[in-house]
1. Kindly report, to the nearest 10 Å², the accessible surface of B:Asp24 as traced by a 1.4 Å probe over protein heavy atoms only.
2. Buried accessible area between A and B (1.4 Å probe, both chains summed, ligands and nucleic acids excluded), in Å² to the nearest 100?
3. If I build a Gaussian network model for chain A, linking alpha-carbon pairs within less than 10 angstrom, which residue out of A:Ala63, A:Ala85, A:Ala29 has the largest mean-square fluctuation?
4. With a cap of 14 neighbouring Cβ atoms within 10 Å, and only residues DSSP puts in a loop, list the GluC sites (Glu not before Pro) found in the range B:40-117.
5. Cα atoms only: what Rg and Dmax, in Å, come out for chain A?
6. List the relative contact order of chain A as a percent without decimals, with contacts defined as Cα pairs under 8 Å and 6+ residues apart.
7. Could you give the nm distance between label points at B:Ser27 and A:Lys112, where each point is 7 Å from its Cα heading toward the beta carbon?
8. Taking the Cβ of B:Arg64 as the center, what net charge do the other residues with Cβ under 11 Å away carry, scoring Lys and Arg +1 and Asp and Glu -1?
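The values are calculated or read from the model by the stated rules, or taken from the named source; none is laboratory data. For clarity, every value in this text was computed on a predicted model and none was experimentally measured. Here the Cβ is made from the backbone with ideal geometry for all residues, glycine too, and neighbour counts use every protein chain on show. Side chains included, ligands, DNA and RNA excluded: accessible areas come from the protein's heavy atoms. Shrake-Rupley method; radii C 1.70, N 1.55, O 1.52, S 1.80 Å.
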Amino acid sequence: QKEVEQDPGPLSVPEGAIVSLNCTYSNSAFQYFMWYRQYSRKGPELLMYTYSSGNKEDGRFTAQVDKSSKYISLFIRDSQPSDSATYLCAMSYGSGNTGKLIFGQGTTLQVKP
Amino acid sequence: DTGVSQDPRHKITKRGQNVTFRCDPISEHNRLYWYRQTLGQGPEFLTYFQNEAQLEKSRLLSDRFSAERPKGSFSTLEIQRTEQGDSAMYLCASSSTKSLTGTDTQYFGPGTRLTVL
């Protein structure tokens, strides 16, 4: 079993829809939770990071962490065709440790005009 | 451009040849990471440096792989005697442990896509 599980999709939604992307994980030692966006043949781009449980909002994006359930989510409001990409969740133990990121498989999102 | 840069962007080689990739991190970032990403998968950690010291290597990093960061700035990743299974995107990321976020937020380069024929 992988440490981080993510449904690969693909997920197809109409423009303007609310998108929900999710990951589950097995290691309770993870402290930091990130979401990266990756366009085809490009490097991952950091969207958001959160520490411990709770919500964080940035524009149209909201990240949620539920450490008790080992479950994280990314919500995209008013989705746009430019949001079409692969979304990767990633987790780390914190910079006091190695800081290495453990990634999910990625979910491919297509937003149709 | 002050982001992470990688060179070359694409590399095609024949099985058995050696290849070397270069990564230039964001200026003053003291940590540098290498990851490998295969099609349809998330990046997998290979190794990382803090300044010039290589502090951790993944079990994915076989003896054919070697990485260096001689002056704590740019880094190279060499693969000797390449195999078809080495075909992947090799990603470099850098971060600063002086970040106020509590975690060293990693910024990725565009990657080097390796194809082994």
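1. The value for B:Asp24 is about 50 Å².
2. In total, this chain pair buries about 1900 Å².
3. Result: A:Ala29 has the largest fluctuation of those listed.
4. B:Glu52, B:Glu83
5. For chain A, the Cα radius of gyration and maximum Cα-Cα distance read 13.5, 44 Å.
6. 37 percent
7. According to this spin-label approximation, the distance is 4.8 nm.
8. -3
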